[in-house]
Amino acid sequence: MIVDGTVLLLFCSACGARHPNFQFSGDTDMDMDGLGSAGDRTGARLVLFRALRGDVEGAWLDGELRSASLASVTPLAPSAKGLDFASFRKLYRPPELKFHCPWCDAAEMAVSREMTPAEFVDAGGRIDFIGAIELREGQAFS
Ligand SMILES: [Zn+2]
């Protein structure tokens with residue numbers, strides 16, 4: 001399976017973890033079942049997997065890699081009511097995502113940076129793959 005997406009660098013203000021999380025994007029009819037990502041707490045390693053979550057955590061993730069789950073989505077964009085499209089676009093901001101920190105269980109991890117997989121690797125990150133999954137960009141990242 002070929003996937004596409006964005007690397008979100010999450011920051012936990014409670015424990016200081018910098019956790020990379022992969023936001024998959026793709027066709028809505030794409031089977032996202034079993035797709036997930038796990039990262040370390042320094043923002044250096046990211047693993048994309050397509051497997052049963054239990055299998056991955058048991059067999060592959062040795063405790064140095066964990067998965068963050070989405071805690072809340074807060075819309076920040078103004079109501080489009082009464083605004084013409086140009087004004088709406090000017091005021092538009094993407095919704096604010098908060099994640100559960102897998103390192104301390106705080107539900108306050110915020111997105112500190114958003115980048116492409118290639119930018120993540122350029123910045124010194126490493127992406128590994130588990131299972132039948134690869135990135136659309138196609139490079140070997142490790
Ligand atoms: Zn934390």
Consider Phe99 carefully, then state whether it is within 13 Å of the ligand (Cβ to nearest atom) and either open to solvent by 50 Å² or more (accessible area, probe 1.4 Å) or closer than 27 Å to Ala44 by Cα (or both).
yes
Answer from Phe120, Phe129, Phe99 - the residue that is among the aromatic types (Phe, Trp, Tyr), in a strand (DSSP E or B) and at pLDDT 90 or above
Phe99
Taking the stretch 1-21, which residues are more than 14 Å from the ligand (Cβ to nearest atom), closer than 15 Å to Arg50 by Cα and in contact with a Phe, Trp or Tyr (Cβ under 7 Å, 6 or more places away or on another chain)?
Val3, Gly5
Do we have any residue at all in the stretch 3-22 that's modelled with pLDDT of 90 or more, within 21 Å of Val121 (Cβ to Cβ) and either in a helix (DSSP H, G or I) or of a type in the set (Ser, Thr, Tyr) (or both)?
yes
Quick one: how many residues across the stretch 7-23 are open to solvent by 10 Å² or more (accessible area, probe 1.4 Å) and among the aliphatic types (A, V, I, L, M)?
2
Filter result (at pLDDT 90 or above and away from the ligand (no atom under 16 Å from the Cβ)) within the stretch 25-70
Ser37, Ala44, Arg45, Leu46, Val47, Leu48
It is to be established whether one or more residues within the stretch 67-81 are touching a strand residue (DSSP E or B) at 6+ places or on another chain (Cβ under 8 Å), assigned to a loop (DSSP other than H, G, I, E, B) and surrounded by 12 or more Cβ atoms within 10 Å (Cβ to Cβ).
yes
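The values are calculated or read from the model by the stated rules, or taken from the named source; none is laboratory data. Because the structure is a prediction, the values reported are computed rather than measured. Glycine also receives a Cβ, built like all others from the backbone with ideal geometry; neighbour counts cover every protein chain displayed. Accessible surface is based on the protein model in full, side chains and every heavy atom, while ligands, DNA and RNA are left aside. Shrake-Rupley method; radii C 1.70, N 1.55, O 1.52, S 1.80 Å.
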